[in-house]
Amino acid sequence: MKTPTYLLLENGTYLEGTSFGADTGEVTGEVVFTTGMTGYLETLTDPSYCGQIVVQTFPLIGNYGVIPTDFESGDTHPAAYIVKEWCHSPSNFRSQEGLDTFFQAKNLPGLAGIDTRMLTRLLRENGTMNGKLTKKAPPYRPEELAELRSHRFPNPVLAVTRKTAETFPAALSCYRVVLWDFGAKENIIRELNRRHCDVIAVPAGTSAEDIQKLRPDGVLLSNGPGDPEENTGVIRELKKLCGTKIPLFGICLGHQLLALAQGGRTEKLKYGHRGANQPVKNMETGRISITSQNHGYAVCSEPLPKGAALWFENVNDRTCEGLRYTTIPACSVQFHPEACGGPKDTESLFEEFLSLMEQTIQKEEKPCR
């Protein structure tokens, strides 16, 4: 039997559960919740969750096992994972193992058996908080809570970006896209390859000059974790890239970084948008789409970055979900068009990126589709 494990929050609240997966000792991180009913494998392997303690609101997790072809990266990224109940006997013809053995192999601690509904309501009412998984039973000293409140994870983009450039050729090559990797999900590469784009993925620390040397038809600014304002070097290089007229498309963190490079501001949300059921409104057409999201920061709508027009807006809280730029060939969205929130409501946004590239490509022959 696993020993009792406690989740201690910075405000002194604690919940007792049962550990599963890896036994790593005490683990500290920002406690956030995600509302997806499925997609736990994508959540576990999404670099945007780096350093966070992730709570699944859906009560039963792991029922279709572990399927490596569904991974968004080669590793797990949360600091810890919390569920109401994890499935001991998964059933799926593609499953290769269960969550417990997978977590042990990935050195990822899990916590089950707590009231995740109550925890979610607590985070909604008070906002995300730091927390830690510990086997130490209460009571807890005031200095322990003070230490929790002061915990900061070093810039997580540096922890998840690839270390060297990699190339992912398309079966039919029509475009060359540089993927600026701040914690990119694998499905972004797959969606670009499907649209005849050779993809060159480069680390977050790549300079604007080195990106230009690759002679891209366009640059995709990827998703990633953390506070966008911490990435001062990337913002500086992105400002330079904005002056080259190379088409740009930003997703999630990439959307925020592009806004900052164009003079905009970002703000931390109370509890963020995490899950596969986030409604957004296209301000040009009035159409509502269901999207997949994972972020704790948003671009401020007032004022918008220079040369930007509001493209998408969150239906629930009216935060900025997308921008079109009029002074540079660029657009960006806060949500994930490569994910399956709708399930296919917003994947056509990749076509918008292709259109931007086609408008600037100087070739004798028209790009293939």
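Since every read-out is calculated from the coordinates, none of them should be taken as a lab result. Predicted, not measured: the structure shown is a model, and the values here were computed from it. Don't worry about glycine lacking a Cβ; one is built from the backbone with ideal geometry, like all the others, and counts go over all protein chains shown.
Overview of values
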{"read-out": "Pairs of alpha carbons in the chain whose separation is greater than 26 Å (percent)", "value": "51"}
{"read-out": "Structure-based [θ]222 nm, the chain - -39500 (n - 2.57) summed over DSSP H runs of at least 4, per residue, nearest 500", "value": "-6000 deg cm²/dmol"}
{"read-out": "Relative contact order [Cα under 8 Å, 6+ residues apart], the chain, whole percent", "value": "14"}
{"read-out": "Beta bridges per DSSP with both ends in the chain, % antiparallel, nearest 5", "value": "60"}
{"read-out": "Isolated Cys in the chain, by beta carbon distance under 4.7 Å", "value": "C50, C87, C197, C242, C252, C300, C320, C331, C340"}
{"read-out": "Among G307, S355, C197 - extreme Cα towards positive end, dipole of the chain, charges at beta-carbon", "value": "G307"}
{"read-out": "Angle between the chain longest axis and helix 232-242 axis [Cα atoms, degrees, rounded to 10]", "value": "20"}
{"read-out": "Calculated FRET efficiency for the pair E230/E147, C-beta based, R₀ 22 Å, to 0.05", "value": "0.55"}
{"read-out": "Nearby lysines by direct alpha-carbon distance to K163 (threshold 26 angstrom, same-chain neighbours under 8 apart not counted)", "value": "K106, K185, K213, K239, K240"}
{"read-out": "Counting DSSP beta bridges with both ends in the range 157-360, the antiparallel % (nearest 5)", "value": "60"}
{"read-out": "Ranked by how many other beta carbons lie within 10 Å on average, peptides 173-180, 211-218, 15-22, 134-141 from highest", "value": "173-180, 15-22, 211-218, 134-141"}
